[in-house]
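The block underneath contains the structure these notes are about, expressed in structure tokens.
The values are calculated or read from the model by the stated rules, or taken from the named source; none is laboratory data. As the structure is a computational prediction, the values presented were derived from the model and not from experiment. For neighbour counting, all protein chains shown are included, and Cβ atoms are generated from backbone atoms with ideal geometry for every residue, glycine included.
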Amino acid sequence: MPKIPPALSRQADPPSLARASRPVVKITERGADRLKSGHVWVYRSDIVSAEEEPPGGLVSVVDWRGKLLGTALYSSASQIAVRMISPGPVDDFPALLRERVRQALEYRKLVVRDSDAYRLVFSEGDFLPGLIVDRYNDILSLQVLTQGMDSEMVRSVIVSELSQQGNPAAIAERVDARVRELEQLPVRQSGLIQGEKTSTIFTMDGIRFQFSALEGQKTGAFLDQRENYAAAAQYAHGEALDVFCYQGGFALHLAPHCSSVTGVDSSRPALEVAEQNAALNGREIEWLEANAFDVLKDYSAAGRQYDTIVLDPPAFAKSKKNLETALRGYKELNLRALKMLRRGGILVTCSCSYHVSQGDFMGMLTSAALDAGRTLRVLEYRTQAKDHPIIATIPETSYLKAVIYHVSA
Ligand code: SAH
């Protein structure tokens, strides 16, 4: 079983030592095959029987013959009923949690460069399913998405380990009310868990950004694009347009290399932070509060031209069902952008929809290139920053696609 890192599976005792007292969840052959392929989820439809279990508690998972497959966190609400945390029995859960947090920190030391903001814990990507922790300089921002990570015991162990290892000025919790409702978790407010500091300035690639722990979308910035900012900056030149710019991550990285930069977003609060960020770095950037589809349509109809265009829309495909509609949306954006790029221009185009595969995305881009009559040379195929680890056997951990093209003809 290649799925759980060796250091973690050291926790596992032989199956014969399974603790008899833990509730047992029996799963189908299909569910067991999924785990054997290195995945960590079991869907409710693959559960044969489950003993009475408090929501979010630890369970022993056995196959249809009764053979132990490991220990998991159980959700009474999610279609993902079981999320594995170990391929064997777990006797000391707090110790396991502490070790996972330490390993997450170790990994970041290896992969994060030139930034004091990064994702410290990425849920299944760090074998802590349902826990997200981001670091913004001296503030940690935590988000809980599953029953298993929401228990008081788990919270207090995680917070104490983060506090010891990361030594932050404050730890804040950001609540996604809708996720909590879907997971049938009690209502909570966003707020500070530890310390008093609620805002700070973080630095990426020498560029400064404002962070407010209790405002904004997601858990602050879109840290998954961090490495793509620096990559885009390598090729950016001339007049640049950053479409779906949020708080200006791309725009601010492009600015030192471009003669002018315009950022477009429909969110006024995001653009207000973007403007503060520009001021922090002494940059003049034009921010446009508008629907990106309208701007691209109007500007391309008016014959406006650019040398660098970034497209980083929100996830258009929320499920497999609307894949076709999503691809039409992506194509419209990319087609218009391609028509507006000058010869030798740079297109940085992204999709953060898990349901749009790399193949779907490339197919859409090829078709847009043909329709626009442009020649596209791939400069870089890219994905999410390495602090959002992609586990080879868990496809759902991989969601961001970013391609940088040189556009000619
Ligand atoms: N590029 C950004 C992240 C973009 S996230 C970064 O690196 O930080 C997607 C953004 O699209 C959000 O800021 C959201 O406000 C914006 N958005 C969503 N729909 C939009 C629309 N129709 N027109 C313009 N902006 C839109």
Problem set entry | Set Leu296, Leu280, Leu252, Leu288: member being more than 24 Å from the chain's Cα centre (by Cα) and either modelled with pLDDT under 95 or surrounded by 24 or more Cβ atoms within 10 Å (Cβ to Cβ) (or both) | Leu296
Problem set entry | Hits in the range 283-333 - residues which are closer than 19 Å to Gly373 by Cβ, among the charged types (D, E, K, R) and in a helix (DSSP H, G or I) | Lys297, Lys331, Glu332
Exercise. Looking at this structure, is Glu275 over 17 Å from Phe202 (Cα atoms) and acidic (Asp, Glu)?
Worked result: no
Exercise. Which one of Pro89, Pro94 is over 17 Å from Ser151 (Cα atoms) and either of a type in the set (Ser, Thr, Tyr) or in contact (Cβ under 8 Å) with a residue 12 or more places away in the chain (or both)?
Worked result: Pro89
Exercise. Looking at (1) within 14 Å of the chain's Cα centre (by Cα); (2) under 20 Å from Pro55 (Cα atoms), can you tell me which one Asp126 breaks?
Worked result: (2)
Exercise. Only one of Arg343, Arg336, Arg304 is within 26 Å of Ser408 (Cα to Cα), among the charged types (D, E, K, R) and in contact with a strand residue (DSSP E or B) (Cβ under 6 Å, 6 or more places away or on another chain); which?
Worked result: Arg343
For this session: Being among the β-branched types (Val, Ile, Thr) and under 16 Å from Arg113 (Cβ atoms) is the filter; apply it to the range 179-216 and report the residue that is nearest to the ligand (Cβ to nearest atom).
Result: Ile207
For this session: Tell me, please, whether a residue that is touching a residue at least 24 places away in the same chain (Cβ under 8 Å), part of a helix (DSSP H, G or I) and surrounded by fewer than 18 Cβ atoms within 10 Å (Cβ to Cβ) can be found in the range 375-392.
Result: no
Exercise. Taking the range 217-237 as the region of interest, how many residues are more than 8 Å from the ligand (Cβ to nearest atom) and either at pLDDT below 95 or more than 15 Å from the chain's Cα centre (by Cα) (or both)?
Worked result: 11
Seminar exercise, completed: Checked pairs for the range 265-287, first closer than 14 Å to Leu254 by Cα, second more than 15 Å from the ligand (Cβ to nearest atom) and at pLDDT 95 or above, C-beta under 6 Å and 6 or more apart or across chains, list as none
Exercise. Any residue in the range 116-128 that is surrounded by 18 or more Cβ atoms within 10 Å (Cβ to Cβ), in contact with a Ser or Thr (Cβ under 6 Å, 6 or more places away or on another chain) and closer than 23 Å to Gln384 by Cα?
Worked result: yes
For this session: Considering (1) basic (Lys, Arg); (2) away from the ligand (no atom under 13 Å from the Cβ); (3) farther than 15 Å from Met340 by Cα, say which one Arg268 fails and leave the rest.
Result: (2)
